[in-house]
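Asks: Got a structure for you, written out below as structure tokens; questions coming shortly.
The values are calculated or read from the model by the stated rules, or taken from the named source; none is laboratory data. Model, not experiment: these values are computed from the prediction. Here the Cβ positions follow ideal geometry from the backbone for every residue, glycine too, while neighbour counts run over all protein chains shown. These area figures cover heavy atoms from the full protein model, side chains too; ligands, DNA and RNA do not enter into them. Shrake-Rupley method; radii C 1.70, N 1.55, O 1.52, S 1.80 Å.
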Amino acid sequence: AAMNRALALATGEYIASLDSDDLWLPGKTAAQLAAFAADPALDLVFALYRDFVSPELPPGRITPGARDLGVRPGPLFGSLLARRSAFAAAGGFPENLRVGQFLDWLARARALGLRELTLPLHVLDRRIHGANTTMRSPAAGRDYLLALKSHLDRRRAA
């Protein structure tokens, strides 16, 4: 609901979001804006990210390095810079999910044929810690399945 409210109040041409526990690397926005300038038909510009285990995570929850898959592409909200018009076209986020809201949104955006690019640039460090929603409530992962089911239901209906 908070993100939908923020989208409704946004007045700029571009939308970006950073979770309070994650980190953007210097140059993220400049590189993504340059991609939009180079190809004005783009709607979404992603880039690369990496997970890192926060040092205060209690021992035994997850070991440092266990999630170290290196820098990789990922269609994450934190690695995205999008035109506000992309949100106008695809709509807001579902408010019935605890996790997976962006997955649902991205499936709708892709179904509409919004143009996207992933830059080969590391721009986001995503923190893994004990207060992550999926760490606190593993059952919240079911919402990913609900987002996928919603996507499949929409495809079948079309």
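Asks: Using modelled amide H (1.01 Å from N, peptide plane; none on Pro or chain starts), what sits under 5 Å from the amide H of LEU25, excluding residues fewer than 5 places away?
Replies: Residues meeting the criterion, in which the H sits 1.01 Å from N, are LEU124, ASP125.
Asks: R0 = 22 Å: FRET efficiency of SER54 with ALA16, Cβ-based, nearest 0.05?
Replies: Details: r = 22 Å, r/R0 = 1.02.
Computed FRET efficiency for SER54 and ALA16: 0.45.
Asks: Then there's this: In square angstrom, rounded to the nearest 10, how much accessible surface does LEU117 have for a 1.4 Å probe?
Replies: Answer for LEU117: close to 70 Å² accessible.
Asks: Got a sec to turn the phi values of the stretch 32-46 into Karplus ³J(HN,Hα) couplings, 6.51 cos²θ - 1.76 cosθ + 1.60 with θ = phi - 60°, whole Hz, x for Gly and Pro?
Replies: For the stretch 32-46, the Karplus curve yields 6, 5, 5, 5, 5, 5, 6, 9, x, 7, 5, 10, 9, 10, 9 Hz.
Asks: Sorted by average packing, counted as other Cβ atoms within 10 angstrom per residue and highest first, what order do 119-126, 33-40, 106-113 take? It would help to have the intermediate numbers written out before the result.
Replies: Working: 119-126: 17.9, 33-40: 12.6, 106-113: 16.4.
Packing order, densest peptide first, comes out as 119-126, 106-113, 33-40.
Asks: Highest mean first, how do 87-98, 9-20 rank when packing is the count of other Cβ atoms within 10 Å averaged over residues? All intermediate terms of the calculation are to be shown ahead of the outcome.
Replies: Numbers: 87-98: 15.4, 9-20: 11.8.
In descending order of packing, they fall as 87-98, 9-20.
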